[in-house]
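Here's the structure we're looking at; comments come further down.
The values are calculated or read from the model by the stated rules, or taken from the named source; none is laboratory data. Source: prediction; values computed, not measured. All Cβ positions, even for glycine, are placed from backbone atoms using ideal geometry, and neighbour counts span all protein chains on display.
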Amino acid sequence: MEILTILIPVSLLLGGIGLLAFFWALKTKQFEDPQGDAARILKTDYDDHPKP
Amino acid sequence: MALADGYDAGHVSPSACPACAVAPSAERLAELSRPVSARLMLSLPTAHCAACMSTVENGLQAVPGVQSARVNLTLRRVSVDADPEVTAESLIPILAGLGYEAHELDPGLLSATETDKQGRELLMRLGVAGFAMMNVMLLSVAVWSGAGDATRDLFHWISAAIALPTVVFAGQPFFKSAWASLRVGRLGMDVPISLAIILASSISLFETFNSGHHAYFDAAVMLVFFLLAGRYLDHRTRAVARSAAEELAALEVPRAIRVVDGVEETVTISALAVGDTVRVRPGGRMPVDGEVISGMSEVDRSLLTGESLPAVAGPGTMVAAGEINLTGPLMVRVIAAGRDSSLHRMADLVAVAESTKTKYTSLAERAARAYSPLVHLLSFGAFGYWMWATGGDLRYAINISAAVLIITCPCALGLAVPAVVTAASGKLFRKGLLIKDGTALERLAEVDYVVFDKTGTLTLGTPTPTNLDMLPQDALAVAAGLAAGSSHPLAVALTRAVTGQPAPLTDLREVPGYGIEARLNGETVRLGRAEWVGAAPADETATYVLVAGETHAIKFADKLRPGAETAVAAMKAAGLRLMLLSGDASAPVADLATRLGITEFAAGKLPAEKVAQVRALQDQGHKVLMIGDGLNDTAALAQAYVSISPASALDAARTASDIVLLGQDMAPVADALRIAKQSTRRIRENFGLSAAYNVVAVPLALMGLATPLLAALAMSVSSITVSLNALRLR
């Protein structure tokens, strides 16, 4: 059962990274326009070359 | 203004004070006089897809001076960063050229929804609760599947380390609202919720200290998570409705052109005083009550009175604020501005109607009112009984009463209503209906009487010629040629309807208030009012053309709003009683009523009579749905049990109504009635479902057989069931 001393911190750490990523997404206003973002991904505008 | 105050109060709906919207407030006017920043905001009601976004963004970025443009599809608007010399007025025609209708929005008014702090905060708490729930659940599963002694204690300790800070942080909205309701001596839904969360956390901590078998950390965190999800859905629905309602309010900018010693200046309406002279351009709206001192024109009174026929205005004519000037420029001496204007008197009527309306108690409130005392009673009863039964085992008794609180906690109840309302209002938004008030759907479901306004509601308020095929070809050609020179609504309608080649006319000139005159082969031809043209006036909307000494009447009928027939037919099929109440003359009202098959109708109604009629129906026990658009309907809209107005309606009418029809098509109104009935049924079903879970789980908890596993199962399964049931909405 000693493996738990590694696995539990690891699982908490990974979960924590996910939580921080969520905070970052929230802070940078990525939840302001869910409908628009869903549509934006389907645009073909910059498929061939990156946005200048 | 009600809208502006709503942000701070949080729970105040935009329709809280329709009376305030009738007359623009000082705050709003102060905001308008502030210099506008370069950040522009435009409303794009027709944008709906990925291609729309690309077209609009690329189109705007090609404009010199524009740095960036970004479309927000959820809110249907575009924000533009541009140099100060780029104005919204210059961007609107560009967007129109791309095929998108656009309106300027007041960024000062909009800033509050742009930074939706409350929503982000809730989402952050929801994220934290979700993270904690998953981790604690992982550890709990290990305990439930048989981890013993030291391992169990360790897992409980780790759970505590995750759960306690989470509860403190994420549970704050509940604690705050519970404290607020306790202070005024009420037992809201949040009191048992807070009690359950706090009791579950502290009893689990105590058990962990004493190496107990049962800890409810997972239940406490799950409770917070599910309830926050409900709270967030609720907030989201309200925020979208609020921003859209406010967007509509921002469309009209209350300004007037004042003329002092021949110099024109643009001022806010509140700056006008009695005796001032204002200039009203053709197509403009009268800013004040006044008397025409010079100029000839016609005024459209339909929004104020419901009359479909424009009236002549010349020196000496009294005009009222809100009327639209049609053909020629008018100079108007202000007789009443602000408080004394007819607009303000209308506001008083609205305020009276609002105050006599009984407040609607939503299903959720009624459920909470019955539920909270019952939950507390059960929990305390269980505590008392087990204290007595075990001979004073405090630890055991508290454990049981905590379990009862956790199991009965209205987890599903907190989700039951928001999930359904979100699903329903999302569905209706896509159909072009905006639900401004959360309880509007429930009220709509109870409606048994529908009262319509005519002009602008069942009809579009735009006339179309009806007897073109009965006119001689040459007269038609002349009429088309003449009509092309005017912006009068009848002339515009005529130009649109006539397909043939217009006659070659010379010396075209408009005589404001009368019509258009020109010469054809040296002979005078005229299009306009009967007496001017020399024809006998007919008793319906018509314009007259004079060609070769002969006069012809071109008759017009107001065009029916698309979908009006479908909506009326669907309502009749649903067994609703219908009534048409109009301020217009009796002939067009009777005509429309028979065309749509509405048997009860009344014409020539004044605003006060409309309110009285609605109130009379309500006194007979009817639940009235009022659909109207004009200022003359505003008070009746406020009085009615639930009300709908089209987006083309005046500010005040839209603010007074619970639901706004965003598109032109009226057919969605019938859908709204159906969806409202369905969603109310779903809400009741959801209450039933969560009650059923309680009926099974509560006796177990009371008997002391509840385990954390059972609590977790009951809670998550019931929450998921009610959410799925809400999604069944068609």
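For segment A:27-52, what are the residues that are over 25 Å from B:Ala47 (Cβ atoms) and assigned to a helix (DSSP H, G or I)?
Scanning segment A:27-52 gives a single hit, A:Lys27.
Does B:Pro64 satisfy the criteria of being in a loop (DSSP other than H, G, I, E, B), free of Cβ contacts under 8 Å to residues at least 40 places away in the same chain and either away from chain A (no Cβ under 14 Å) or buried (at least 20 other Cβ atoms within 10 Å of the Cβ) (or both)?
For B:Pro64, the condition - in a loop (DSSP other than H, G, I, E, B), free of Cβ contacts under 8 Å to residues at least 40 places away in the same chain and either away from chain A (no Cβ under 14 Å) or buried (at least 20 other Cβ atoms within 10 Å of the Cβ) (or both) - is met.
Checking the conditions here, which among B:Ala479, B:Ala497 is of a type outside the set (S, T, N, Q), touching a residue at least 24 places away in the same chain (Cβ under 8 Å) and over 19 Å from B:Val533 (Cα atoms)?
Just a single option satisfies the conditions, and that option is B:Ala497.
Got a sec? Which of B:Val221, B:Val168, B:Val136 is aliphatic (A, V, I, L, M), modelled with pLDDT of 85 or more and surrounded by fewer than 21 Cβ atoms within 10 Å (Cβ to Cβ)?
Only one candidate passes the filter, namely B:Val168.
Do we find that A:Ile17 is in a helix (DSSP H, G or I), aliphatic (A, V, I, L, M), over 22 Å from B:Ala50 (Cα atoms) and over 15 Å from the mean Cα position of the chain (by Cα) in this structure?
Against the criterion (in a helix (DSSP H, G or I), aliphatic (A, V, I, L, M), over 22 Å from B:Ala50 (Cα atoms) and over 15 Å from the mean Cα position of the chain (by Cα)), A:Ile17 does not qualify.
When you scan segment B:560-642 for helices (runs of 4 or more DSSP H) that lie fully inside it, which ones turn up with 2 or more residues that are β-branched (Val, Ile, Thr), in the same structural domain as B:Val669 (by TED's automatic domain parsing) and more than 22 Å from B:Ser657 (Cα to Cα)?
Filter on segment B:560-642 gives B:586-596.
Condition first: modelled with pLDDT under 85 and either more than 23 Å from B:Thr462 (Cβ to Cβ) or among the polar types (S, T, N, Q) (or both). Now tell me which residues in segment B:306-315 satisfy that.
B:Ser308, B:Gly314
One line per residue, one yes/no per condition, for (1) of a type in the set (D, E, K, R); (2) crowded, with 17+ Cβ neighbours inside 10 Å; (3) under 30 Å from B:Asp448 (Cβ atoms); (4) out of contact with any strand residue (DSSP E or B) (no Cβ under 8 Å at 6 or more places or on another chain):
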| residue | (1), (2), (3), (4) |
| --- | --- |
| B:Val511 | no, no, no, no |
| B:Ala530 | no, no, no, no |
| B:Glu540 | yes, no, no, no |
| B:Leu546 | no, yes, no, no |
| B:Thr566 | no, no, yes, yes |
| B:Ala574 | no, no, yes, yes |
| B:Leu578 | no, yes, yes, no |
| B:Ser586 | no, no, yes, yes |
| B:Leu592 | no, yes, yes, no |
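Condition first: within 12 Å of another protein chain (Cβ to nearest Cβ), among the small types (Gly, Ala, Ser) and within 28 Å of the chain's Cα centre (by Cα). Now tell me which residues in segment B:111-169 satisfy that.
The answer is B:Gly119, and nothing else.
Considering only segment B:186-198, I want to know if a residue exists there that is within 14 Å of chain A (Cβ to nearest Cβ) and either crowded, with 17+ Cβ neighbours inside 10 Å or farther than 18 Å from B:Cys411 by Cα (or both).
Checked segment B:186-198: no residue is within 14 Å of chain A (Cβ to nearest Cβ) and either crowded, with 17+ Cβ neighbours inside 10 Å or farther than 18 Å from B:Cys411 by Cα (or both).
Any residue in segment B:521-536 that is over 16 Å from B:Leu494 (Cβ atoms) and assigned by TED's automatic domain parsing to the domain that holds B:Ala503 sitting within a Cβ distance under 7 Å of a residue that is surrounded by 21 or more Cβ atoms within 10 Å (Cβ to Cβ) and of a type in the set (A, V, I, L, M, F, W, C)? List the pairs, counting only those 6 or more apart or interchain.
B:Gly534/B:Leu546
With the checklist (1) over 30 Å from B:Gly148 (Cα atoms); (2) more than 8 Å from every other protein chain (Cβ to nearest Cβ); (3) not basic (Lys, Arg) in hand, flag the one item A:Ala39 doesn't pass.
(2)
So in segment B:438-484, with the set limited to residues that are at pLDDT 85 or above and part of a strand (DSSP E or B), which one is nearest to B:Leu520 (Cα to Cα)?
Per the criteria, the residue is B:Phe452.
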